[in-house]
1. Within 30 Å of Asp185 (Cβ to Cβ), modelled with pLDDT of 95 or more and part of a helix (DSSP H, G or I): does that describe Val281?
2. Within the stretch 174-191, count every residue that is closer than 11 Å to Glu31 by Cβ and not hydrophobic (A, V, I, L, M, F, W, C).
3. Give me the residue from the stretch 206-226 that is of a type in the set (A, V, I, L, M, F, W, C) and within 15 Å of ligand 2 (Cβ to nearest atom) and, out of that set, modelled with the lowest pLDDT.
4. Can you tell me which condition Ala140 does not meet? The list is (1) more than 16 Å from ligand 2 (Cβ to nearest atom); (2) within 14 Å of the chain's Cα centre (by Cα), and all the others hold.
5. If you check Leu186 against the conditions, is it in contact with an Asp or Glu (Cβ under 6 Å, 6 or more places away or on another chain) and over 30 Å from Pro10 (Cα atoms)?
6. Would you list the helices (runs of 4 or more DSSP H) that sit entirely within the stretch 1-97 and hold 3 or more residues that are within 16 Å of ligand 2 (Cβ to nearest atom)?
7. Within the stretch 46-81, track down each residue that is over 25 Å from Glu19 (Cα atoms), crowded, with 21+ Cβ neighbours inside 10 Å and within 11 Å of ligand 1 (Cβ to nearest atom).
8. If the requirement is being under 13 Å from Val33 (Cα atoms) and either open to solvent by less than 30 Å² (accessible area, probe 1.4 Å) or not assigned by TED's automatic domain parsing to the domain that holds Gln80 (or both), which of these qualifies: Pro167, Pro191, Pro142?
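The values are calculated or read from the model by the stated rules, or taken from the named source; none is laboratory data. Everything quoted here is computed from the prediction, not taken from an experiment. Neighbour counts run over all protein chains shown; Cβ positions are idealised from the backbone, glycine included. All accessible areas refer to the heavy atoms of the entire protein, side chains included, with ligands and DNA or RNA removed. Shrake-Rupley method; radii C 1.70, N 1.55, O 1.52, S 1.80 Å.
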Amino acid sequence: MSAGITPASPQAIERAADELIQGNLVAFPTETVYGLGADAADPLAVARIYRLKGRPADHPLIVHVLDTDGARDWAHWSDQAEVLAKTFWPGPLTLILKRREQACDAACGGQPTIGLRAPAHPLSIALLRAFHQRGGRGVAAPSANRFGRVSPTCAQHVLDDLGDDAPMILDGGACEVGLESTIVDLSRGGPALLRPGGLSQADIEDVLGQALVQPDRAAPRVSGSLAAHYAPRTPLELVRGEAIDARLSALSARGMKVAVWSRRRPESSCALWRAACADPVEFGHSLYARLRELDRSAADCLLIETVPDEPDWRAVADRLGRAAVGAGRPPS
Ligand code: TXA
Ligand code: MG
């Protein structure tokens with residue numbers, strides 16, 4: 001396995017595709033977050049992802065393909081899948097569909113369904129193309145972080161997380177979207193939103209001409225839907241803007257160093273303050289990098305201002321909520 005951050009070049013892409021074909025892992029950029037990729041048709045390679053991430057074996061992976069033709073190889077296609085993929089692929093949308101018999105069991109986490117996505121980042125597309133030319137059919141890739149932790153949105157984050165265990169990391173700069181793909185389940189009943197993400201629910205509903213339903217109890221597992229996920233190591237509290245000053249004073253009085261991320265600068269001093277932006281897309285773009293920065297700040301507690309309770313903020317609010325539940329303790 002060849003470790004380290006590798007600048008993007010045609011040669012690097014060829015080498016990364018060779019690594020994948022040989023059953024090795026490659027971390028690569030997508031427009032959402034960096035993925036930790038393996039040949040989805042190779043059970044041993046897929047097992048390496050689970051080992052490296054420390055991810056439970058029953059949490060399925062997303063298989064990345066070039067286009068709808070590639071997706072049909074893995075799943076039973078439907079009219080709704082066709083219309084969504086035609087509109088939003090390549091892009092930050094994952095479709096859960098009934099899997100074909102030949103789809104690798106390991107990539108599906110033993111489920112009867114499979115998650116498929118065609119990523120839009122030029123380097124992911126180039127890598128998938130080079131992999132395809134070598135006979136590869138799909139690249140299984142979760143976010144390239146240890147299980148339960150903050151997702152990586154640049155190559156250095158991947159190296160920070162995986163350290164000496166890191167495989168080749170293709171460097172594509174900072175991810176444009178910064179939040180994971182939106183996951184829509186088309187495998188059972190009406191289309192259901194399993195995870196809000198980089199593509200808005202309203203855009204999907206417009207194209208489908210119907211509302212997405214909430215997943216019921218029998219819906220497939222999504223590890224991003226665990227109460228605690230995307231978590232920094234420092235305890236984190238979400239606090240309404242008007243309550244930040246009082247909370248900061250109370251924590252400081254107890255001798256705690258506090259880092260604050262809020263729209264308005266707090267009245268009293270804190271260990272670190274970062275200004276929160278008012279635009280949900282921009283906020284989502286920088287969310288994980290900011291969480292990592294705050295986590296590194298040596299603060300004893302992070303205070304983050306709650307975001308507006310509006311549809312455009314749904315994915316950001318989802319990630320912040322889970323980060324707060326998981327912060328400061330090992331991921332469950
Ligand atoms: O943007 C993204 O989706 C990134 C990039 C790398 O593509 N990937 C990503 O993967 O976020 P991961 O593994 O961190 O999250 C994928 C989620 C998991 O919560 C998993 O449980 C769910 O997708 N998932 C995958 N296949 C599924 C299936 N067959 N049924 C239900 N959920 C599934
Ligand atoms: Mg993840």
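1. yes
2. Number satisfying all stated conditions: 4.
3. Checking each candidate, the answer is Val222.
4. (1)
5. No: the conditions fail for Leu186.
6. Filter on the stretch 1-97 gives 43-53.
7. Listed by number, the list holds a single entry, Ala75.
8. Pro142
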